[in-house]
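The values are calculated or read from the model by the stated rules, or taken from the named source; none is laboratory data. As the structure is a computational prediction, the values presented were derived from the model and not from experiment. In this analysis, Cβ positions are derived from the backbone assuming ideal geometry, glycine residues included, and neighbour counts consider all displayed protein chains.
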């Protein structure tokens, strides 16, 4: 039994935010709870269940995919989404197990980005926009959210919007852990746009390398305008590995993580090139 | 019924006597505590009972129709799938949910579906065999 003193099902975003502001740090939002319930060991005064706020639908249209923050992660693997935004399927499929994915939510996964969030990495690569409600309500590009200290206070994530798949574009997601369903030691995601055989755009991110995911602008800049070759993939992977200072802990040494970053970034890039319909030249 | 705010679903179910629901790891890793929540398998050890309010929860106890076992249970018995039996309730519930969504899964799809249900006795081969057999039974609508 956990020391949670009160459980309140919020009926509206205003109610949830109002409670959080009134009570402060003693109150916590609860979405799927799959990280929160097992891993929070300290007493909590009030748990605010935010799963019934109407943030659980996925809307595809206008070249975009809008994901409600409390959609079940299992639902991101739906066949129609696999076509519209393949990254969602790739990242969701590698996130924990079906039992967890049937409860866990993308909003919760983002809020716990300091834990190993796979979706934060996928969303960074796909240029997601995050809608946040609360006193500091905003719609913000995910890389700016990362620069500005992520989420705090009464911030309540309501929606994540990504661009749908366009012509000449591809996505890749790679992850390496102890086993298929374990927390990653390193994950990497790539979004690639190819035009006239050259890189028109690249977005790269890695996760589980330190306390927060990293958006790799320097490595991506190296690729712009270049032909898609084996040499380019090696360059990107090396720059990516150089630009991150990984954690050194009981799960993996910093050096091993740097080694894995190279391999995971290469795999994510290769998968993205394949999806974009581009062969990697020698 | 009432449950304290901090009580997990597995704790409430076992308190009520539903002992097929195993409390194994309390981290959502082993799948012994699997129940169906509105037909989807979930780990009842990493959710609070309060989160299940308004949902339909199915445990292994609710699968058989009187003395008539569910086809997945029959298949597990026919193939002698359970060894120690600890994972079987969760494994069976996950299989039931899979077969409702996908009546003709490949072996690979079965393996992906049971990825959250750990069996430490076996190499999973007989478990997958049993789900394949159950799928045949359910599609045929009769015993083989």
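In table form, for the structure just shown:
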item: Those helices (runs of 4 or more DSSP H) lying entirely in region A:50-119 with at least 3 residues buried (at least 23 other Cβ atoms within 10 Å of the Cβ); result: A:86-93, A:98-101, A:106-111
item: Matching entry among B:43, B:50 (being over 17 Å from residue A:100 (Cβ atoms), at pLDDT 95 or above and not assigned by TED's automatic domain parsing to the domain that holds residue B:131); result: B:50
item: Members of region B:25-38 that are out of contact with any strand residue (DSSP E or B) (no Cβ under 8 Å at 6 or more places or on another chain) and either surrounded by fewer than 18 Cβ atoms within 10 Å (Cβ to Cβ) or free of Cβ contacts under 8 Å to residues at least 40 places away in the same chain (or both); result: B:25, B:27, B:38
item: Test: residue in region A:158-172 that is away from chain B (no Cβ under 14 Å), buried (at least 18 other Cβ atoms within 10 Å of the Cβ) and more than 27 Å from residue A:59 (Cα to Cα); result: no
item: Unmet criterion (only one of (1) buried (at least 22 other Cβ atoms within 10 Å of the Cβ); (2) out of contact with any helix residue (DSSP H, G or I) (no Cβ under 6 Å at 6 or more places or on another chain); (3) more than 8 Å from chain A (Cβ to nearest Cβ); (4) more than 28 Å from residue B:135 (Cα to Cα)) for residue B:51; result: (3)
item: Test: residue in region B:75-83 that is more than 22 Å from residue B:136 (Cβ to Cβ), assigned by TED's automatic domain parsing to the domain that holds residue B:102 and surrounded by fewer than 20 Cβ atoms within 10 Å (Cβ to Cβ); result: yes
item: Residues of region B:90-114 satisfying the condition of being within 13 Å of chain A (Cβ to nearest Cβ) and surrounded by fewer than 20 Cβ atoms within 10 Å (Cβ to Cβ); result: B:101, B:102, B:105, B:108, B:109, B:111, B:112
item: Hits in region A:253-271 (condition: within 18 Å of the chain's Cα centre (by Cα) and surrounded by fewer than 19 Cβ atoms within 10 Å (Cβ to Cβ)); result: none
item: Residue match in region B:125-144 (condition: within 14 Å of another protein chain (Cβ to nearest Cβ) and either farther than 26 Å from residue A:179 by Cβ or out of contact with any helix residue (DSSP H, G or I) (no Cβ under 8 Å at 6 or more places or on another chain) (or both)); result: no
item: Matching residues, region A:9-24, being touching a strand residue (DSSP E or B) at 6+ places or on another chain (Cβ under 6 Å) and either in a loop (DSSP other than H, G, I, E, B) or within 9 Å of another protein chain (Cβ to nearest Cβ) (or both); result: A:9, A:10
item: Filter result (over 23 Å from the mean Cα position of the chain (by Cα) and not in a helix (DSSP H, G or I)) within region A:223-252; result: A:224, A:225, A:226, A:227, A:228, A:229, A:250
item: Any chance residue A:146 is part of a helix (DSSP H, G or I), touching a strand residue (DSSP E or B) at 6+ places or on another chain (Cβ under 9 Å) and closer than 20 Å to residue A:67 by Cα; result: yes
item: Residue count, region A:194-219 (criterion: assigned to a strand (DSSP E or B) and either surrounded by 15 or more Cβ atoms within 10 Å (Cβ to Cβ) or in contact with a strand residue (DSSP E or B) (Cβ under 7 Å, 6 or more places away or on another chain) (or both)); result: 13
item: Enumeration of residues in region B:1-26 that are more than 18 Å from residue A:33 (Cβ to Cβ), part of a helix (DSSP H, G or I) and more than 11 Å from chain A (Cβ to nearest Cβ); result: B:14
item: Of all residues making up region A:29-43, the number that are surrounded by fewer than 21 Cβ atoms within 10 Å (Cβ to Cβ) and modelled with pLDDT of 95 or more; result: 0
